[in-house]
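Just below is one structure, and these are the notes that go with it.
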Amino acid sequence: MEVIIVKGYDEVGKTAADIIATAMLHKPDLVVGLATGTTPISTYRELVRKHKEGGLDFSKVITFNLDEYLGLPMHHPQSYYTFMWEHLFKDVNINPENIHVPSGQILDHERFCQSYEGEIRRAGGVDVQLLGIGRDGHVGFNEPGSSLYSRTRLKTLTKETVEDNSRLFDNPHEVPRFAVTMGVGTILDARQVVLVASGKPKAQAIADAVEGPISSMCTASALQLHPEVTVVADEDAASLLKRREYYDWVRNNKRQIHEVIEKQIRERLRLDHKEWG
Ligand code: PGA
């Protein structure tokens with residue numbers, strides 16, 4: 001797990017967008033797992049800027065959203081479908097056929113969830129999964145106690161999550177209590193994961209996810225089992241990390257990796273040159 005600590009919310013978005021854009025340049029038909037919530041907005045803003053100013057091409061990109069509230073019509077102002085169109089899809093050249101957001105209006109949940117997993121598989125699996133983190137350490141809507149092997153399914157939200165999300169609804173009683181969410185197991189299947197976090201309220205969750213024991217009490221801690229995770233946190237969200245100095249040390253040294261490799265190549269060429277002639 002690589003931990004990148006940056007100054008503030010905007011830098012979190014820039015760093016995460018750089019990772020996603022780099023992956024898109026390597027693989028134009030990248031399969032991206034997307035998250036909603038306040039934190040990823042700066043990432044989407046930056047991706048939109050890269051598209052408008054630098055021509056970042058979304059035409060072949062395939063997206064799968066993590067979750068959706070149960071019971072909200074697709075075009076409800078607070079649905080995650082609406083959120084994604086507002087913050088990303090309307091401003092980039094994505095093919096609407098490549099967009100997948102779980103439906104919040106399903107009658108046969110089990111069948112729907114299985115078919116969502118099937119669609120991800122048929123697309124070749126998620127290449128890069130973007131994640132936010134809840135105050136209780138949830139990723140997607142995998143609340144504490146969720147199985148770390150869980151797949152896409154229906155979840156009951158905790159009171160804390162309902163309270164956190166009520167700020168976005170005119171009437172707090174309207175906040176859905178259930179959601180369809182990819183499971184922790186589904187998330188862990190992604191080839192690469194980028195988790196973004198900002199602000200003091202996330203500090204404990206980030207400390208538990210990065211340095212705590214792996215536990216279903218903080219489902220983000222399951223990411224410790226994944227070989228390719230980058231946590232991008234701002235100073236406030238990173239403020240309870242004990243090994244902060246080490247993360248900065250790794251990051252600063254990583255910048256020199258290219259120099260070391262180039263030096264090795266030069267040395268190798270020099271030796272080859274000597275051997276041959
Ligand atoms: P937030 O939500 O970015 O709005 O804080 C994160 C989450 O609950 O996953």
task: Give, as a single signed number, the net charge of other residues whose beta carbon lies under 12 Å from the beta carbon of I257, with Lys and Arg counted +1 and Asp and Glu -1.
output: +2
- line: Sequence order, the range 157-174: Karplus ³J(HN,Hα) from phi using 6.51 cos²θ - 1.76 cosθ + 1.60, θ = phi - 60°, Hz rounded, Gly and Pro as x, gives 7, 6, 4, 4, 5, 4, 4, 4, 7, 5, 4, 8, 10, 4, 10, x, 6, 7
task: Could you list the GluC sites (Glu not before Pro) in the range 183-246 that lie in coil according to DSSP, counting only those with at most 14 other Cβ atoms within 10 Å of their Cβ?
output: E228
query: Given the chain, what percent of its DSSP beta bridges are antiparallel, to the nearest 5?
result: 30
message: On a 19 Å Cα-Cα criterion, which of the cross-link pairs K27/K50; K7/K202; K200/K242; K14/K263 come out too long?
response: K14/K263
query: Just going by the charge dipole of the chain, with Lys and Arg at +1 and Asp and Glu at -1 on Cβ, which of Q114, M74, G8 is farthest out on the positive end?
result: G8
statement: FRET efficiency (R135, R251; Cβ distance; R0 35 Å; to 0.05) is 0.85
query: To the nearest Å, what is the center-to-center distance of the range 184-252 and the range 1-76, using C-alpha atoms only?
result: 18
Order by protection proxy (mean Cβ within 10 Å, highest first), peptides 125-137, 213-225: 125-137, 213-225
task: Could you work out how far apart the two model spin labels at F169 and R191 are, taking each label as a point 7 Å from the Cα in the direction of the beta carbon, and quote it in nm?
output: 3.9
- request: Positive end of the charge dipole of the chain (Lys, Arg +1 and Asp, Glu -1 on Cβ, about the Cα centre): tell me which of V61, G134, L154 has its Cα farthest that way.
  value: V61
statement: Rounded to the nearest 0.05, FRET efficiency between S215 and Y149 (Cβ-Cβ, R0 22 Å) equals 0.95
field: Debye intensity ratio in log₁₀ form over the Cα atoms of the chain, taken at each q of 0.11, 0.13, 0.14 Å⁻¹
entry: -0.63, -0.86, -0.99
field: Neighbourhood net charge (11 Å Cβ-Cβ; Lys/Arg +1, Asp/Glu -1) for L241
entry: -2
task: Please report the relative contact order for the chain, taking Cα pairs under 8 Å with a sequence separation of at least 6, and give it as a percent rounded to a whole number.
output: 23
field: Nitroxide proxy distance, nm - points 7 Å out along Cα→Cβ at H226 and Q114
entry: 2.6
message: What's the magnitude of the charge dipole for the chain around its Cα centre, counting Lys and Arg as +1 and Asp and Glu as -1 at the beta-carbon? Answer in Debye, nearest 20.
response: 540
Within the range 172-263: Cβ-based charge dipole about Cα centre, in debye rounded to nearest 20 (Lys, Arg +1; Asp, Glu -1): 100
- prompt: How far, in nm, would the chain grow between L271 and R121 when pulled straight, counting 0.36 nm per residue and subtracting the alpha carbon separation?
  reply: 49.3 nm
task: Taking amide H positions as placed in the peptide plane 1.01 Å from N, state which residues far from I106 in sequence (5 or more) or on other chains have amide H under 5 Å from it.
output: G71
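Every number here is computed from the coordinates shown, using simple stated rules; none is lab data. Fair warning: this is a prediction, and the values are worked out from it, not measured in the lab. All Cβ positions, even for glycine, are placed from backbone atoms using ideal geometry, and neighbour counts span all protein chains on display.
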